[in-house]
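To keep things clear, I will list the structure first and then write my remarks on it.
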Amino acid sequence: MAADGYSALHEFWLNLRAIPNHVYRAMFRGGPPKTDRTRSSFIFGNVFLHLHSVRTHLWSLRWSTTMGLGIMTTAAFLITLITGILLMFYYKPYPDVAYQSIKDIHFIVPTGRFMRNIHRWAANVMVIAVILHMARAFYTASYRKPREFNWFIGWGLLVTTLGLSFTGYLLPWDQLAYWAITIGANIAQSPREITDALGITAWADIGGLQREILLGSDKVGEEALIRFYLLHVMILPLALVMLMAVHFWRIRKDGGLAKPANADELVAEEAKEFYPVFTDVPTKTYHLAAVVKGKTAAVGSGPEHTVPSMPHLFYAELGVLMLTTLICVVLAFVSDAPLKELANPLVPENPAKAPWYFLGLQEIVSFSAFMGGIGIPMLCVIGLGLIPFLDREKEGTGEWFGGPGGWKLVKWSVVVGFAASIGVEAFAIYFGWLREWFPDIPQLFITFINPGTVLTAIYAAYSIWAVRKYNSTRAGALALFTCFLCGFIVLTVIGTYFRGPNWDFFWSPSDWGGH
Amino acid sequence: MTTHPSEKKSRFDPEPMPRRDFLGLAALGSMIAAFTLSIFGMLKLPKAAVSASPAKKFNVALPDTLPEGEAFVPPGRNVAVFRDGEGVFAISTVCTHLGCIVKTSSAGFDCPCHGSGFQKDGTVRKGPAPKPLPWLKVSKNGGVLTIDEEANVKTGTKV
Amino acid sequence: MNKNKYLLMVSSIGVFVLLAAAAVSENFMKDWHDIQGSAKTTEGPIDLRLRQIVNPQLKVTDRCVTCHVGMASGEQITTDQKVGAAHKPVAHSPTEIGCTTCHGGQGQATEKDDAHGNVHFWTEPMLPARYAYASCGTCHTPLNVPNLPTLENARKTFERLDCYACHRLDGRGGTLRPGGNVTGMEGPDLSHIGLKGYNAEWYVAHLQKSQQATDPAWKTSFREVNEADREELKIFLDTQMGAPKLIEAKAQFNSVGCAGCHTVGSFGGDAGVNLSLSGYKDPNQLNFTKVQGDHTLSNWIVQHFRSPASTVAGSQMPALGLSENQIDLLTLYTLSLRRRTLPDIFLPKDRVKAMRFGEREFASNGETIYTAVCSSCHGANGRGTRFPGLVPNPSITGPDFLQLASDDFLFQTIRNGRPSRPMLPWGDRVNGFKDDELRAVIAYIRGLGGDVQAQPDAKPQIWATGDAAVGATLFASNCSGCHGKNGAGADGPALANKVFLSSVSDTFLVETIRRGRSGTVMQGFGNPSPIRRELTQAEIESIVVFIRSLSAK
């Protein structure tokens, strides 16, 4: 029934004219986000934004708190996601054809080369950002109760990110890709070193099984390519997105970012600028969407020193998003993603190097395939995952280098971490190792006593010393994590810049010489 | 949204009218501009500058004993070549309706997909086809014919 | 809180500027835009777009014609422009087989350096223009090519007989006679006659035809050709495939004994590396420290011919003292060894013969076989060679040697070689020489030595008598310095060698020891020297008996 005396036809006309306006208003459930109230409803009424809390603590917005690394990782992922989907328009996952399709992307696809460059650089940015993000979470002791599980999820995200990057490495099907994956697959096979030494390979060939599942064949071929493609564009991105959803959800559920106990005082000066919403002690929390587990920063205390997430948090997030985009675009502009010769299974690259973030691994693999490729990495990965359950102290949560020992211990750990790794490497490079001295030594000796395990032992011993000196598990964790981070850097740098043909040591790639 | 620090504030005070935030608008505006530009770039991508298909122009040698009115279809090409008293001509066998490949028949050409029919000279006889089958440019170079699938000529042009 | 807004704004503006710059450089700053923009046809400017030649069977996607737009299918560029000019007429249409099939380079690329392959990570850069004929080797394998002097003689015969008057060959000749094409008097173009297979019987038909011809020009312009000249013509015409420079290069290869050490295709020695695909070497994998000029494969090959050992560390190949012109030809030939895997329908006849039927890739007359295979060791004149660091190679054309060595002995030696010595069994190997070819080589060797024939030897193969123990002592003091302990061979040939002992006669051994062998360090032991006394006939025979006993070991 037409109202206001208009004819129904006229009303239809008015409705037609008002469509843009109505659509705009229908988008925002509580009206356009203009006041604090409507902004709040804008956030919790929006499927993409509702993971954010309505108000954000000023501490969380400080650049020094997170350095935006989590958002940067997410942003880099979004960039790889978009550019990756675009690349899929042209990429053909079949040997040789794949290489030609990359060449086509490079030469005749409009914006293709740029997209591929961005994809490649965003992937690298993501790997770096996720490692730094982990370091940030560690050094601010943000993994502690109730955030233990989220550290776990973050650990899964790290592994998935590396997996994504690694599987993407094969897709161009050039020499770089082919031989890097050949090495990677053989690292997967390295448990054979143990099973061989024990003489049980015939019954329990774990290594061979891993390799075969990865490659689908006995060598890197079309089966491997299609598997890596599937992993790269389907399985791992899905896994990553799911883990990300849980990760973000848990940040919110675990009470936002970890803050020092005195965070409110620390931001008091900044808070004065902002309009107070809750000057009187509220009778209930502003958490409208969920009942939050007991002890969070917000429950039972005034949500003062917070600002509306809309727009302050979103400016920060968008700022980091665009900064990440800028970094990727700049890098894409100045440097083309590498594409070497077509993969040739008969002519190995010399040196054949894995992606840079696995070069530290390749360095210790050069001492023992099993310990380098499986043993020590597993130790690190399991150790990383268990940190929150081993360090259950309270002191220093939310502070940079918080906890007993603090910055001073970290400084010393950096020195020990660098000195030990460089020392062990230098020793092995100049003097060789057991097999050079005792040619007939059983493999099992070398598997367990090699520069990689020695370095691990030194780090472990130093960390135990730190635990005892400060009488704190956190001190041990600080020492161990720092040492391993330094070791990772040293080994990666050596693997990247100082290893040449036959994995010999060279001061500079210009000394490699011809073949 | 900032207020003067010295002001006495209470949540019972009316909310301040948000002032125009030029910096914020400029930031959001530049972000939207960057996004828009990137979307243009992305939209350009799906159309390759050149498609990887063989040249549409090809050479063909007609068999010496081709009866008048019988079509010769060069292998791998959607073209029917004819020879009669007046010369040689080529007709595309791609239906002008929805691109199925027509078959030669006693009446001319018939399309298997939606029943279009064409006369021997390619004009529409029946069915939904909107246009006659195009005649293609044929050039003679010695004993070799060059047919260009992309160049149409007027119906009835024979060389 | 404003710093986040600044961050957002500055980053966004940065992204915007870079995206705009990328858009400009991608859409307006490509080199081919300028080239196509200035190219014109009679109908005006051409449309700006990427052009390409695609041949799925040859796996060719060549976008070279985006810049070399005059070579694109159906483009007739009229502006005088180097890059956009049309291809000069060639046997194979570039619009069908593509550009990279012959020229190399990266067909998919659309930028100059990438397309020409002068970048890292492209293993097959373009062939330099001066070696362009090497590209024929991608598909073709010229057969029946003799050595350079023979080819040169044959070419001169072709010229001397004035064949160019009526016939066209590689763009030359065929224009001197009146009438021209109109009356059909001009002879056929012979540029590719070798590919079809030149039929020597044709001459008879040609003669008859000229007799029956009504046109006087036919009769007067055709002289009789004698048998020898017809042989020469056959040699010359058999090689013609439209690539004169490549044939010359291959003839050069057949003149300096390369096949004695190197295998090409299905035949050759094994002392050196197999050269079958040496035209496809990846410049990125080569050591250019000693090479002048650009890091191209051709420059590397040139330097390698000048000084093999300094270019390739550890190379055994001696410096052959080649002239620059020879090096140029050999480089061309080496570059032509780039036999690509082809679908069957693209395989040319010569390649099928060489690949499927194992036909040898050079002419099988005695002279060519000698120069192509034997001359690297025994020298062009058969007087032997000595390269530093390698075992000396004996002279085989000394009159004393040729008198003593029966044809059968030479035949067995060449056919079966000397096991464990550089001399390979040249008859007894894959695609080895057939008996009549071996006899032709022996005849040529005797010719080199001044036509010295073997002296008939009435004695049986083994006749010498004596005490092997005495022979052993004498051998140790006189012979083992060169021939090695117990004749195992050192600088001198190995005597404890089954093939040698089964074919050599006692007469040869006794006389060689007594008189020595000219052109080698083997002296005549029948005469005294300042440091030792002469050996008596009985002593020499006892040495021979001792040498014979070595075969039992």
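Could you tell me the calculated FRET efficiency between C:V17 and A:R25, based on Cβ-Cβ distance and R0 = 25 angstrom, to the nearest 0.05? Walk me through the numbers on the way to the answer.
Numbers: r = 35 Å, r/R0 = 1.42.
Efficiency at R0 = 25 Å is approximately 0.10.
Could you tell me the center-to-center distance, by alpha carbons, between segment C:140-169 and segment C:250-299 in angstrom?
Cα centroid of segment C:140-169 versus Cα centroid of segment C:250-299: 26 Å apart.
Mean Kyte-Doolittle of at least 0.5 and a Cα length of 24 Å or more along the axis: which whole DSSP H helices of chain A meet both? Working shown, then result.
Details: long enough: A:69-88 (28 Å, 2.18); A:112-139 (40 Å, 0.58); A:148-170 (35 Å, 0.93); A:236-253 (25 Å, 1.09); A:309-334 (36 Å, 1.82); A:406-431 (37 Å, 1.24); A:451-470 (28 Å, 0.55); A:473-497 (36 Å, 1.66).
The answer, listed by residue number, is A:69-88, A:112-139, A:148-170, A:236-253, A:309-334, A:406-431, A:451-470, A:473-497.
Can you tell me which of A:369-380, C:530-541, C:387-398 comes out highest on packing, and rank the rest after it, using the mean Cβ neighbours within 10 Å? Could you put the intermediate results ahead of the total?
On the way: A:369-380: 21.1, C:530-541: 14.0, C:387-398: 17.3.
The most tightly packed comes first, giving A:369-380, C:387-398, C:530-541.
Bin all alpha-carbon pair distances of the protein assembly as shown at 10 Å intervals from 0 and give each bin's fraction as a whole percent.
Values per bin, smallest distances first: 1, 7, 11, 14, 14, 14, 12, 10, 7, 5, 3, 1, 1, 0, 0.
Dividing the alpha-carbon radius of gyration of segment C:241-350 by 2.2 N^0.38 Å (N being the number of residues), what value is obtained?
1.09
For chain A, what is the calculated [θ] at 222 nm in deg cm²/dmol (nearest 500), taking -39500 (n - 2.57) for each run of four or more DSSP H residues and dividing by its residue count?
Numbers: 24 runs with 314 residues, N = 515.
That calculation yields -19500 deg cm²/dmol at 222 nm.
Would you calculate the separation in nanometres between label points at B:K131 and A:L78, each defined as 7 Å from the Cα along the Cα-to-beta-carbon direction?
Computed distance between label sites B:K131 and A:L78 equals 4.5 nm.
Could you calculate the contour length gain from C:A309 to C:Y203, that is, 0.36 nm times the residue separation minus the distance between their Cα atoms, to one decimal place in nm?
Working: separation 106, 0.36 × 106 = 38.16 nm, distance 4.98 nm.
So the extension gain works out to 33.2 nm.
Please compute the contact order of chain A in relative form: average sequence separation of alpha-carbon pairs under 8 Å and at least six residues apart, divided by the residue count, as a percent. Please list the in-between numbers first.
Working: 639 pairs, mean separation 99.7, N = 515.
Here the relative contact order equals 19 percent.
May I ask you to derive the FRET efficiency for A:K408 and A:V330 from their Cβ-Cβ distance with R0 = 51 Å, giving the value to the nearest 0.05?
Calculated transfer efficiency: 0.85.
What ³J(HN,Hα) values, in whole Hz, does the Karplus curve 6.51 cos²θ - 1.76 cosθ + 1.60 give for segment C:295-302 when θ = phi - 60°, with x put for Gly and Pro?
7, 10, 4, 5, 4, 5, 5, 4
Run the paramagnetic zone check for C:M29: 7 angstrom along Cα to Cβ, then residues of segment A:317-335 with backbone nitrogen under 15 Å.
Once the point is set 7 Å along Cα→Cβ of C:M29, A:330-335 turn out to lie under 15 Å by backbone N, inside segment A:317-335.
Which whole number gives the average, over all residues in C:48-59, of C-beta atoms from other chains lying within 10 Å of the residue C-beta?
Details: counts 0, 2, 6, 2, 8, 2, 6, 2, 4, 1, 0, 2.
The shielding value for this peptide is 3.
Return one number: the angle in degrees, 0 to 90 and rounded to the nearest 10, between the long axis of the Cα atoms of helix C:202-212 and the longest principal axis of the Cα atoms of chain C.
For C:202-212 against chain C, the angle is about 70 degrees.
So, in nm, how far is label C:I531 from label B:A52 when the simple model puts each one 7 Å beyond its Cα toward the Cβ?
7.2
Percent of alpha carbon pairs in chain C separated by more than 44 Å?
Values: 56928 of 152628 pairs.
Everything past 44 Å amounts to 37 percent.
What's the Cα-based Rg to Rh of segment A:417-460, Rh via Kirkwood? Present the calculation step by step, with values, prior to reporting the outcome.
Values: Rg = 11.0 Å, Rh = 10.9 Å.
We get a ratio of 1.00 for segment A:417-460.
Once you average over the residues of B:36-44, how many Cβ atoms of partner chains fall within 10 Å of each Cβ? Could the numbers behind the result be given before it?
Details: counts 2, 8, 13, 0, 3, 10, 7, 2, 7.
Taking the mean over all residues of the peptide, I get 6.
For the peptides A:122-131, C:354-363, what is the packing order when you average, over each peptide's residues, the other Cβ atoms within 10 Å and list the highest mean first? Display every interim value, and only then the final one.
Details: A:122-131: 22.8, C:354-363: 17.5.
Packing order, densest peptide first, comes out as A:122-131, C:354-363.
What does the helix-only formula give at 222 nm for chain B: each DSSP H stretch with n ≥ 4 adding -39500 (n - 2.57), the total divided by the residues, and the result rounded to the nearest 500 deg cm²/dmol? Let's see the in-between values first.
Working: 1 runs with 23 residues, N = 159.
Result for chain B: -5000 deg cm²/dmol, rounded to the nearest 500.
Where does the Debye-calculated log10 I(q)/I(0) of segment B:57-153 sit at q = 0.15, 0.21, 0.22, 0.25 Å⁻¹, using only Cα point scatterers of equal weight, no solvent?
-0.55, -1.03, -1.12, -1.37
What FRET efficiency would be calculated for the residue pair A:V97, A:N262, taking the C-beta separation as r and a Förster radius of 45 Å, to the nearest 0.05? Kindly include the intermediate steps, with their values, before the conclusion.
Values: r = 62 Å, r/R0 = 1.37.
The formula returns an efficiency of 0.15 here.
When ranked by the protection proxy of mean other Cβ atoms within 10 Å per residue, highest first, what sequence do the peptides A:493-500, C:223-230 form? Walk me through the intermediate numbers first.
Numbers: A:493-500: 17.9, C:223-230: 11.8.
Put in order of decreasing packing, that is A:493-500, C:223-230.
Which angle between 0 and 90 degrees, to the nearest 10, do you get for helix B:22-44 versus the longest principal axis of chain B when only C-alpha atoms count?
Taking the Cα atoms of chain B, the angle to B:22-44 is about 10 degrees.
Quick one: length gained pulling C:S502 to C:V119 fully straight, 0.36 nm per residue minus the C-alpha distance?
Values: separation 383, 0.36 × 383 = 137.88 nm, distance 5.84 nm.
Between C:S502 and C:V119, full extension yields an extra 132.0 nm.
Please compute the contact order of segment A:376-467 in relative form: average sequence separation of alpha-carbon pairs under 8 Å and at least six residues apart, divided by the residue count, as a percent. Show your work: numbers first, answer last.
Details: 29 pairs, mean separation 24.5, N = 92.
It comes to 27 percent, rounded to a whole number.
Determine, at each q value in 0.12, 0.16, 0.18 (inverse angstroms), the log₁₀ of I(q)/I(0) that the Debye formula gives when each Cα of segment A:307-430 is one equal point scatterer.
Normalising to I(0) and taking log10 leaves -0.95, -1.21, -1.20.
Using alpha-carbon pairs under 8 Å, 6+ residues apart, how would you state the relative contact order of segment C:245-356 in percent? All intermediate terms of the calculation are to be shown ahead of the outcome.
Numbers: 131 pairs, mean separation 32.8, N = 112.
Worked out over segment C:245-356, it gives 29 percent.
Report, as an integer, the average count of C-beta atoms from other chains found within 10 Å of each Cβ along A:321-333.
Details: counts 4, 15, 7, 2, 10, 11, 3, 2, 11, 3, 0, 2, 5.
The per-residue average across the peptide is 6.
Could you list the residues of segment C:66-110 with an amide nitrogen less than 17 Å from a label point located 7 Å from the Cα of C:T41 in the Cα-to-C-beta direction?
Within reach of a label on C:T41: C:66-81, C:84-87, C:95-96.
Given the DSSP H assignment, sum -39500 (n - 2.57) over each helix run of at least 4 residues in chain C and divide by its residue total; what's the result at 222 nm in deg cm²/dmol, nearest 500? Before the final figure, lay out each step's value.
Numbers: 25 runs with 222 residues, N = 553.
Taking each H run of at least 4 residues, the total per residue is -11500 deg cm²/dmol.
Less than 28 Å apart at the alpha-carbon level, and either on another chain or at least 8 residues along: which lysines does that give for C:K498?
Within the straight-line cut-off, C:K498 pairs with C:K434, C:K459, C:K485, C:K553.
Set the bar at 22 Å for Cα to Cα. Now go through A:K340/C:K112; C:K234/C:K353; A:K219/C:K59 and name every pair that lies beyond it. Show your work: numbers first, answer last.
Values: A:K340/C:K112 18 Å; C:K234/C:K353 19 Å; A:K219/C:K59 25 Å.
Result: A:K219/C:K59 exceed 22 Å.
Mind jotting down the distance between the C-alpha centroids of segment A:39-87 and segment A:255-269, whole Å?
Cα centres, segment A:255-269 to segment A:39-87: 20 Å.
Using only Cα atoms, tell me the angle between helix C:506-515 and the longest principal axis of chain C; keep it within 0 to 90° and round to the nearest 10.
With both axes taken from Cα atoms, the answer is about 90 degrees.
Every number here is computed from the coordinates shown, using simple stated rules; none is lab data. Because the structure is a prediction, the values reported are computed rather than measured. We place every Cβ from the backbone using ideal geometry, glycine too, and count neighbours over all the protein chains shown.
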